[in-house]
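Just so it is clear, none of the values below were taken in a lab; they were calculated from the coordinates. For clarity, every value in this text was computed on a predicted model and none was experimentally measured. With ideal geometry, Cβ positions are generated from the backbone for all residues, glycine too; neighbour counts draw on all protein chains shown.
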Amino acid sequence: MQALVQQLIYGIQLGSLYALIALGYTMVYGVLRLINFAHGDVYMVGAYVGFYACTKWLPFKDLTTNPSAGTANFAFAILALLLAMVLCAVLGTVIERFAYRPLRNGLQQADAHFWGIIAALPVALRFGPLLSPLGGGLFIVLAVTFGFALRPVMTWLRRRIVLSTSRLNALITAIGVSLLLENGGLLVFGADQKFIGNVVPETNWNLVGIQISSGQFTIFCISLVLMAGLRYIVLYTRRGKAMRAISHDIEAAKLMGIDTDRVISFTFALGAALAGAGGMMVATLTHVKVSPLFGLLPGLKAFVAAVLGGAGNIPGAVLGGLVMGIAEAFVAGSAYSTYKDAIAFCILILVLLVRPAGLLGKNVAEKV
Amino acid sequence: MRQTHRNIVVGAAMLSGILTFGGCKDPGTGGGTGSTGGAVSGGARPKSTASGNSVTGNEILVGEYASLTGGTATFGQGTHNGIQLAIDEANAAGGVNGKQIVLKTEDDASKPEQAQTVVTKLCTDDKVVAVLGEVASTRSMRGGSVCQKYGVPMITPSSTNPDVTTKTGDCVFRVCFTDDFQAAVAAHFAHDQGYKKVAVFKDIKNDYSVGFAKNFTDEFSKLGGSVTGEQTYQEGDTDFKAQLNTLKGQSPEAILVPGYYSEVGTIARQAKDVGLNVPLIGGDGWDSPQLIPGAGTALEGSFFTDHYFSVELDNPDTKKFIDAFKAKYNTNPDALSALGYDAAKLLVDALKRAKTLDGPGIKDAIASTKDLTGVTGKVTIDANGNARKSALVFQIKGPNFKVFKTYTPEQIGK
Amino acid sequence: MARWALTRLAGISATLAILYFISVFVGPRMQEYVLNVVILCGIYVVLAVSLNLINGITGQFSIGHAGFFAVGAYTGAAWSVLWLPRIIDLPFLKLGTFVGDATNLLIALVLGALAAGIAGFVVGLPSLRLRGDYLAIVTLGFGEVIRVLLLNTEAVGGARGMSGIPALVGSFHMELFWVLLLVMLVILVSRNLMRSVRGLTFLAVREDEIAADAMGVNTTKVKVTAFVIGSMFAGAAGVLYAHFFTGISPDAFDMNSSIIITTMVVLGGTGSITGSVVAAILLTALPEFLRFLKDYRMVIFSMTLIIMMLTRPQGIFGHREFSLRGLFRRKERRREGSAPV
């Protein structure tokens, strides 16, 4: 019995993390009907932000040598968490603006500057790192030149492109972005695995034979707080209302005067911030390796969780995450631990056969 | 309906056409199943009849295939750094008989079919005289069979699966020990420590880990111990608590975790979290400067078997290697870098000794390697192309690995 | 014999002869590395065109094609490595003299295709209830479940995979023959399907399922048929893959491979057979051509993908197909001064 309760607690802890990532998938799916494959990689970037904040950017002290630095480190850790959320939100917005929006609205002239920066990057890197005077200077010059050179190209393309409404296109673009973040991460962060040392004091609590570690408990609590915050935003703010309106009917929302592009950007930022927070917390508090493929497996499972709960449904994502986490913990703890990754999909397939739109999703009948 | 009938008739005609066609061809091939055919059963390895490539001009072209991108990019890049260092050092010391060695590295994106493609490219397009490569046994198998086909000698730095050298052929060698040897060392060690009940926690996705676990279980049972339980994880997992909690219920005296350092640190921490306070036992996959940062203090007192490679051993070569590596890459080398370095060193040594700088010449030179001092121990290549090396058992004390015991192949009975 | 059968037989023999000629005379003259890439391209063409049958022509949304690929590869390998050696010497069968390289491969192909076809049937069933993204995730899940099962089956080598599969090579360069044959077959089947009356029902399901249903199209049958045919070809491609590379392991059939195959279909233009062929060749060969970029290789590859999607959303070919006749007609029209279609 005790062992079962213990596994249940591990399952809930794991599930809360899946839920946190799944929220990003589900919100984006809600407004755009797009499976944002790159979401798991945003989670990865969050972990890297955590790593650099803990080792380079912020004056953390290692607790093994400085046991008294706990409180100061705690404050810094919260700062690092906020930093990860902000940077990931920016990343999410950039991805939406330059990869997904052109799919909906066509390429804009201003997009030229973004692609100019991208094109300038490898050229400038040939001559030195971006922080060196030569590399940096060259980068700025090239980025501006390329940007202006590409403006007419964008205009020309804009006239030529026949926008496609196919969801497959958006999916492939998302896959492209995901590959780009993974391989770009490999270039920028390096392939070596990074670990974050002890930055926050850690203890293990033993409650009547049930073990709870402070790190996992913190992740669980912060996830709850973030989810509550999200719920507040979605239900009680103007932006949240706009989000719900768009997910209900994007055309009607446009007619009602909602700036859909801005709200969609905001949705991406929200989801990415949650994923960033998740990545940062996991990297700092559970000390798992941080590598460019950090987000692959958690991302996939969170995605399954989102679909399980009903894609586009926010409480559904949380429920799906918890179901996945608990199922995985129980299978992992059983004699069939080798099948723990298969079980996620088996549950999903079974649930979808009974409820084709997920646990909480509404099965909207197609009208002719 | 007519359409269907037509299709069926034509389809049948087509099939019978192919069958007759196939039948005609059969006597010609005489059951030949290609160069890598499965006709291997104990003893001699298949011999390559191809002559490989020979050196032309003033440069010796050596190929390398590695997983520089994809799932195991970390291991590929680590190995590559070691190889590059050894080649650079050899060139700085005058190369091989005045000829410089040029390393041609190709990425296989951690995919077996790409490994086969790039090794084919290296052997036939670039015409390299020898190939170094791959960490993963599945990819070394693919690359090895290509090398065997063209008679180009190949040395794998760190593929430990016994099949890699026995199933491919006489062109394939390795500088690391095989799964069965290392696992036997771990089993003997566990036995010598007086452990009776050991649990196993393996990485199901990793061939190395699965083979290690299996061989350990066999050997440990032979020695009279019992494996109480077996749980699995997958490379990339971040939560191991559920499995560890189950293992805890079986109250083992030690846990074998034959994985890579990238997960071991987290596993050790979470083992402490679930209240599992027994030593962990591992293999050479643990050897990395990143092990302790990943594990914190959770691995204190745990053991792992490893190559004959330690700062403590007072081996000047090892110290020189670590310093040179640090100077070049600004990090400490891990076991994979050290093995990559040794593989390249073995090749350079063989190139110097080779009677002729072509496939058979280099192959014979590699095969006759005896007591070559590498940074991972003295290397002697046996009849199966494997390195016979002693193994060390380290204990983790604070931030250091302390040599705890040494096992020679004779002690284990291999 | 009716005349149509004779003409068709003649056509088939001529085709086979040409393929045989190519593989015997052109194959050996190619550089091994190029041949390797060509074979890989061929295998991916089969995979992409067969997925196009499901995603493009029938309008379903499958992103787990590597699962069928794996089922075929493992079944074929199991036949050649595990089952055949066991039954070949059974006295009452006396297969020993009968089963040679080509016959063995043909049996492996049939078995692999059948096994994958059954898997396709099983996966096709949920497609009766699921649509779009939900179907996609189920197929993706199927692929992953297959991979995990293979990882855990000791009989097929677990993580190590299977090796020592007899090669296609023999003493002739027959690998090219088999791959080209399968490529031709999958293209022919897709093309004939699209042009036949029955094929129209597939297209109808793609365009509007409810309307098709109302018009009396048995949508269930159409969808399941598409899945079965598509997965059978993927399975056959798997058999060739196993026998060409002589070894397989579960990591070759992961989610990434599925995604790459889906990408090929979309990039080429969903529904266009020509597009699938071109994109499959492009995406298989492109990373090879980009080798000179070293570290930047995969980054540039993913950027190309994004840029392609943004600048040509309908894919390289859109819905169009390449045909010689169409090419001539277009030229003539242009000469006459009317706008090209």
Net +/- balance of residues flanking residue B:193 in space, Cβ distance below 11 Å, scoring K and R +1, D and E -1: 0
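Quick one, what does Rg over Rh come out to for chain B if you take C-alpha atoms and the Kirkwood Rh? Could you put the intermediate results ahead of the total?
Working: Rg = 23.5 Å, Rh = 22.5 Å.
Reported Rg/Rh (Cα atoms, Kirkwood Rh): 1.04.
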Inter-chain Cβ neighbour average for residues B:63-74, partner chain, 10 Å: 5
In terms of the ratio Rg/(2.2 N^0.38 Å) built on C-alpha atoms, what value belongs to the range B:337-414? 1.32
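Between beta-carbons, use under 14 Å as the cut-off and find the net charge around residue A:294, counting Lys and Arg +1, Asp and Glu -1.
On the way: positive: A:194, A:289, A:301; negative: A:41, A:182, A:192, B:235, B:237, B:239, B:263.
Taking every other residue near residue A:294 into account, the sum is -4.
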At 37 °C and 0.692 mPa s, grab the translational diffusion coefficient of the range B:80-230 from Stokes-Einstein with a Kirkwood Rh over Cα pairs, rounded to a whole number in µm² per second. 191 µm²/s
When the convex hull of the Cα atoms of the range A:1-146 is projected onto a plane and the area is averaged over all directions, what value comes out in nm²? 13.8 nm²
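Take the eigenvalues of the Cα gyration tensor for the range C:1-156, scale each by 5, and report the square roots as semi-axes in whole Å, largest first.
Details: eigenvalues 188, 119, 70 Å².
Working through the eigenvalues yields semi-axes of 31, 24, 19 Å.
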Cut-off under 5 Å, modelled amide H: who pairs with residue B:404 long-range: B:393, B:394, B:395
Residues whose built amide H sits under 5 Å from the amide H of residue A:288, excluding neighbours closer than 5 in sequence, are none
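Just list whichever of B:197/B:405; B:121/B:328; B:167/B:222; B:202/B:248; B:205/B:363 have alpha carbons separated by over 24 Å in the model shown.
Values: B:197/B:405 21 Å; B:121/B:328 29 Å; B:167/B:222 27 Å; B:202/B:248 15 Å; B:205/B:363 33 Å.
Distance filter (> 24 Å) returns B:121/B:328; B:167/B:222; B:205/B:363.
May I ask you to work out the translational diffusion coefficient for the range C:236-289 at 20 °C, viscosity 1.002 mPa s, via Stokes-Einstein with Rh from the Kirkwood sum over Cα pairs, reported in whole µm²/s?
Diffusion coefficient, whole number: 176 µm²/s.
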Can you put B:188, C:243, B:80, C:319 in order of Cβ neighbours within 10 angstrom, beginning with the fewest? C:319, B:188, B:80, C:243
Calculated over the range C:171-216: convex hull of Cα atoms, volume per residue (Å³): 69 Å³
Taking a ≥ b ≥ c as the square roots of the Cα gyration tensor eigenvalues, with a/c under 1.5 meaning rounded and otherwise prolate when a/b beats b/c, else oblate, which class fits the range A:253-368? oblate
For the range B:154-216, using Cα atoms only, the Rg and Dmax in Å read 13.5, 42
I need the phi-derived Karplus couplings for the range A:135-148: 6.51 cos²θ - 1.76 cosθ + 1.60, θ = phi - 60°, integer Hz, Gly and Pro marked x. x, x, x, 4, 4, 5, 4, 5, 4, 5, 4, 4, x, 5
Give, as a single signed number, the net charge of other residues whose beta carbon lies under 14 Å from the beta carbon of residue C:310, with Lys and Arg counted +1 and Asp and Glu -1. +4
Kirkwood Rh and Cα-based Rg: tell me the resulting Rg over Rh for the range B:260-388, rounded to two decimals. 1.09
Report relative contact order for the range B:151-304 in percent, whole number only (criteria: Cα-Cα under 8 Å, sequence separation at least 6). 20 percent
Just to check I understand the Karplus step: with θ = phi - 60° and J = 6.51 cos²θ - 1.76 cosθ + 1.60, what whole-Hz values come out for the range B:329-337, glycine and proline as x? 10, 6, 9, 7, x, 9, 4, 5, 5
Cα-only radius of gyration and Dmax that characterise the range B:260-325, units Å: 13.5, 42
When the convex hull of its Cα atoms is projected in every direction, mean area for the protein assembly as shown (nm²): 47.5 nm²
Through the Karplus equation 6.51 cos²θ - 1.76 cosθ + 1.60, θ set to phi - 60°, convert the phi angles of the range C:293-304 into ³J(HN,Hα) values in whole Hz; use x for Gly and Pro. 6, 6, 4, 7, 3, 6, 5, 4, 4, 5, 5, 4
Long-range amide H partners of residue B:256 with built H, under 5 Å: B:199, B:200, B:201, B:281
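Relative contact order for the range C:163-264 using alpha-carbon pairs under 8 Å, separation at least 6, rounded to a whole percent? Present the calculation step by step, with values, prior to reporting the outcome.
Working: 48 pairs, mean separation 42.0, N = 102.
Across the range C:163-264, relative contact order equals 41 percent.
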Trypsin sites (Lys or Arg not before Pro), restricted to the range B:281-383: which are DSSP loop and have at most 13 other Cβ atoms within 10 Å? B:355, B:370
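Work out the mean other chain Cβ neighbour count within 10 Å for the residues of C:239-249 and drop it here as an integer.
Values: counts 0, 0, 1, 0, 2, 3, 10, 12, 13, 4, 8.
Per-residue shielding by partner chains comes out at 5.
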Can you work out the base-10 log of I(q)/I(0) for the range A:115-167 at q = 0.12, 0.15, 0.20 1/Å, using the Debye formula on its C-alpha atoms alone? -0.38, -0.51, -0.67
Return a whole-number percent for the relative contact order of chain A, with Cα pairs under 8 Å and 6 or more residues apart as the contact set. 36 percent
Determine, for A:340, A:254, B:241, B:248, the number of other Cβ atoms within 10 Å of each Cβ, and report the residues in order from fewest to most. A:254, B:248, A:340, B:241
Rotationally averaged projected area of chain C (alpha carbon convex hull; nm²): 22.2 nm²
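On alpha carbon coordinates alone, what is the Rg over Rh value for chain A, Rh being the Kirkwood radius? The partial results should precede the final answer.
Details: Rg = 21.9 Å, Rh = 22.0 Å.
Checking Rg against Rh, the ratio lands at 1.00.
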Short to long, in 5 Å steps from zero, the percent of alpha-carbon pairs of the range A:122-276 per bin is 2, 6, 7, 9, 12, 14, 14, 11, 12, 7, 3, 2, 1, 0, 0
Assertion target for A:248, A:287, A:39, B:191, ordered by fewest C-beta neighbours within 10 angstrom first, is A:248, B:191, A:287, A:39
